[in-house]
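What follows is a set of notes on a single structure, which appears directly below.
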Amino acid sequence: MSAQPPVGSWTPAHGPLHRHLSPSRRTAVAVGGGMLAVAVGLAVTGVVQRHKLKEEWLAFGLLAVFVVFFGGLGLSAIIGTVRGGRAEITVGPDGIVSNRLAPAAWAWSDLEHVAVEVSLRRELFVTTLEPKRLRTRATIAIVLQPAASGVRRMPARIRVPAPTFTTGENIPIVRDLDAALRAFGGLRYAGVREQLTHTL
């Protein structure tokens, strides 16, 4: 399997753009297993301490919520990873393919337009070991609007993982998507839409 170019350096000479949109299957299963282990540990604690918890109904309720929360998330992560595989997307001359779309393959002729949406939220200056610097939290999504055929269909959205913090708006994965969609999507590509908000 050929090595992919580093994120942010893709050019049409590399062929179709292929990017993973989630951690590796091993990582996802490990995280899901960890959550399940926490849920089981809390459940065992509840069984051992059941006599005390009968008197403390609030503690029992919180414990039950945590068991359901961690157990549900862990189980969902494992089942989703095993059934759906690792989330990925390929942008090429024939269209867009992703195992997070239904149907999984969209030809360019089936799409009215495609855009990349980037929501940036700038937060307060924070104190770190380095000098203070402005931090920006990013949310990225690819929006696909199907071509109208009778009833107008809702656009499909693919969530793209972004760095938790970035020092600016020039995000490498966005550069890759923009270059690939511009190269292969032609007039159907509506560009990158950026929205910037400030929070305290």
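Quick rundown of the values:
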quantity	calculated
Accessible area expressed per residue, region 27-83, with surrounding protein chains retained (probe 1.4 Å, Å²)	70 Å²
Two-decimal ratio, region 27-83, of alpha-carbon radius of gyration to 2.2 N^0.38 Å	1.27
For peptides 171-184, 55-68, sequence by mean Cβ density within 10 Å, most packed first	171-184, 55-68
Full-extension gain in nm, Thr45 to His14, via 0.36 nm per residue minus C-alpha separation	5.8 nm
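The values are calculated or read from the model by the stated rules, or taken from the named source; none is laboratory data. Computed from a predicted structure; not experimentally measured. With ideal geometry, Cβ positions are generated from the backbone for all residues, glycine too; neighbour counts draw on all protein chains shown. Heavy atoms of the whole protein, side chains included, go into the accessibility calculation; ligands, DNA and RNA do not. Shrake-Rupley method; radii C 1.70, N 1.55, O 1.52, S 1.80 Å.
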